[in-house]
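Undergrad: Right, I'll just put the structure down here and ask away after.
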Amino acid sequence: MTQHMSPPRDSADKIPSTREPWAWRGMLARADVRTLSLLGVLAALVVIGGITKPDEFLDTRNLQLVLTQASVIGVVTVGMTFVITSGGIDLSVGAIVALASVWATTVATQDYGFGGVLFTAVLVGVGCGLVNGLLIAYGGMVPFIATLAMLASARGLALQITDGKTQIVTIPSILDLGERDAYVLGVPPLVMVFAVVTVIGWLILNRTTFGRRTVAVGGNAEAARLAGIDVRRQRLYLYLLSGLCCGIAAFLLIILSGSGQNTNGNLYELDAIAAAIIGGTLLSGGRGTITGSVLGVLIFTTITNIFALNNLQSDVQQIAKGAIIVAAVLVQRRTASTT
């Protein structure tokens, strides 16, 4: 009798084990290249700023100002990175920051002191995120439409609360955080908060089940559902997270400006989306990087600072930002088509 011999299983089992490490190495290599490229762009901008306005740009106070301004939009961008990674979008972040800042600086709210202002800002942000999440996850609305409606509603409510006037903060403990005496080893408190939010965001996205589920939903929502992930609940949590980041950013903006205005957060949605995209987060979802988003924020903030020091008008800044967004998306599409 002839025996039918099957191919040895150990040789077949080795195929995935040899391919998988190479796949991961390829992904890590691409991530390293993106990060190094962003660091190179940031370094080039620092050189340009040092050449065009050496005495002003390289001044310690100006560098502290750049980091402080990056902190507010940076916190918003961390939340936006999670939303975009999941395949969503949030156009309401700027309006939510405005609404949270004016609601938290009303006379009635300021009567409760530091804690009352902080709690109100965070609560308003989370509340708006909850509405967005419910409409998108359980109401079946397209993220673009739902967040666009929130943008209009939040802006309108912020205008109604302020009646177009600036609300001045009178709480010394809040105002003191914006003074140089509050700096720790030359680092402003707002920058430290931004650093903490960044580290927590990185850990959540890269080291937790929540982060893996976010990437899975963005990569293929149906496959994620079949794998046992509650896609609707995950999306709700993501918009809650985005709202939380907006609330924190609103409080930082209150410290920075010492007031609440209905015009706060203007075009923050553009800056946050642009920073996330040029940082390497896929606009179509499925891939996100907190490190890249933070570098994107620093790049845009540095560009704005250089333009301001050289007396270039704001419309030129917006044109430059728009061009950078288009270029980043085209590079992403080209990269995706070749992989």
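The values are calculated or read from the model by the stated rules, or taken from the named source; none is laboratory data. In this text, all values refer to a predicted model and were calculated from it rather than measured experimentally. Please note: Cβ atoms are built from the backbone with ideal geometry, for glycine as well, and neighbour counts cover all protein chains shown. Remember, those area values only see protein heavy atoms, side chains included, never the ligands or the DNA or RNA. Shrake-Rupley method; radii C 1.70, N 1.55, O 1.52, S 1.80 Å.
Undergrad: Which residues, counting only those in region 82-99, are among the hydrophobic types (A, V, I, L, M, F, W, C) and open to solvent by less than 10 Å² (accessible area, probe 1.4 Å)?
TA: Of region 82-99, the ones among the hydrophobic types (A, V, I, L, M, F, W, C) are 82-84, 89, 91, 93, 95-99.
Residues satisfying the conditions are PHE82, VAL83, ILE84, VAL93, ALA95, ILE96, VAL97, ALA98, LEU99.
Undergrad: Does LEU236 meet the test of being touching a Leu at 6+ places or on another chain (Cβ under 6 Å), more than 19 Å from GLY292 (Cα to Cα) and open to solvent by less than 30 Å² (accessible area, probe 1.4 Å)? It would help to see each step written out before you state the result.
TA: Values: touching a Leu at 6+ places or on another chain (Cβ under 6 Å): no; more than 19 Å from GLY292 (Cα to Cα): yes; open to solvent by less than 30 Å² (accessible area, probe 1.4 Å): yes.
Here the answer is no, as LEU236 does not meet what is asked.
Undergrad: Output the qualifying pairs, or none if there are none: Cβ atoms under 6 angstrom, residues six or more apart or on different chains, first residue in region 36-60 and among the hydroxyl-bearing types (Ser, Thr, Tyr), second residue at pLDDT below 90.
TA: What qualifies is THR52/ASN310.
Undergrad: Kindly indicate whether any position in region 221-231 is of a type in the set (Val, Ile, Thr), at pLDDT 95 or above and within 25 Å of LEU295 (Cα to Cα).
TA: So far as region 221-231 goes, no, none of its residues is of a type in the set (Val, Ile, Thr), at pLDDT 95 or above and within 25 Å of LEU295 (Cα to Cα).
Undergrad: On the basis of being at pLDDT 95 or above and assigned to a helix (DSSP H, G or I), does PHE251 make the cut?
TA: Numbers: at pLDDT 95 or above: yes; assigned to a helix (DSSP H, G or I): yes.
Considered against the rule, which asks whether it is at pLDDT 95 or above and assigned to a helix (DSSP H, G or I), PHE251 comes out as yes.
Undergrad: Tally up the residues in region 194-220 that are open to solvent by less than 30 Å² (accessible area, probe 1.4 Å) and aliphatic (A, V, I, L, M), please.
TA: 3
Undergrad: Then there's this: Could you figure out which of (1) out of contact with any Ser or Thr (no Cβ under 7 Å at 6 or more places or on another chain); (2) of a type outside the set (Val, Ile, Thr); (3) open to solvent by less than 60 Å² (accessible area, probe 1.4 Å) isn't true of PRO188?
TA: (1)
Undergrad: OK, next. Taking the options GLY79, GLY140, GLY74, GLY113, name whichever one is open to solvent by 10 Å² or more (accessible area, probe 1.4 Å) and in contact (Cβ under 8 Å) with a residue 24 or more places away in the chain. Before you say what the answer is, go through the steps one by one.
TA: Values: GLY79 fails: open to solvent by 10 Å² or more (accessible area, probe 1.4 Å); GLY140 fails: in contact (Cβ under 8 Å) with a residue 24 or more places away in the chain; GLY74 fails: open to solvent by 10 Å² or more (accessible area, probe 1.4 Å).
One residue alone meets the criteria, GLY113.
Undergrad: From (1) crowded, with 20+ Cβ neighbours inside 10 Å; (2) under 17 Å from ARG155 (Cα atoms); (3) out of contact with any Cys (no Cβ under 8 Å at 6 or more places or on another chain), pick out the condition that doesn't hold for THR106.
TA: Exception for THR106: condition (1).
Undergrad: Going by what's in this entry, would ILE51 be described as over 29 Å from the mean Cα position of the chain (by Cα) and modelled with pLDDT of 90 or more?
TA: On the way: over 29 Å from the mean Cα position of the chain (by Cα): yes; modelled with pLDDT of 90 or more: yes.
So ILE51 fits the description; yes.
Undergrad: From the list LEU270, LEU236, LEU240, which one is closer than 17 Å to LEU99 by Cβ, of a type in the set (A, V, I, L, M, F, W, C) and assigned to a helix (DSSP H, G or I)?
TA: Numbers: LEU270 fails: closer than 17 Å to LEU99 by Cβ; LEU236 fails: closer than 17 Å to LEU99 by Cβ.
Being closer than 17 Å to LEU99 by Cβ, of a type in the set (A, V, I, L, M, F, W, C) and assigned to a helix (DSSP H, G or I) holds for just one of LEU270, LEU236, LEU240, which is LEU240.
Undergrad: Which one of the conditions (1) open to solvent by 70 Å² or more (accessible area, probe 1.4 Å); (2) modelled with pLDDT of 75 or more; (3) on the phi < 0 side of the Ramachandran plot does SER337 fail to meet, given that it meets all the rest?
TA: Evaluating SER337 over (1) open to solvent by 70 Å² or more (accessible area, probe 1.4 Å); (2) modelled with pLDDT of 75 or more; (3) on the phi < 0 side of the Ramachandran plot leaves (2) as the failure.
Undergrad: Sticking with this one: Select from region 163-198 the residues that are farther than 25 Å from LEU240 by Cα and in a helix (DSSP H, G or I) and list them in ascending order.
TA: Taking region 163-198 first, the residues farther than 25 Å from LEU240 by Cα are 163-188.
Selection gives PRO172, SER173, ILE174, LEU175, ASP176, LEU177, GLY178, ARG180, ASP181, ALA182.
Undergrad: For residues that are assigned to a helix (DSSP H, G or I), open to solvent by 10 Å² or more (accessible area, probe 1.4 Å), in contact with a Ser or Thr (Cβ under 8 Å, 6 or more places away or on another chain) and under 19 Å from GLY218 (Cβ atoms), tally how many sit in region 273-296.
TA: 1
Undergrad: Six or more apart or on different chains, Cβ under 6 Å: which pairs go from a residue in region 270-286 that's on the phi < 0 side of the Ramachandran plot to one that's basic (Lys, Arg) and open to solvent by 10 Å² or more (accessible area, probe 1.4 Å)? Could you list them?
TA: ALA274/LYS321
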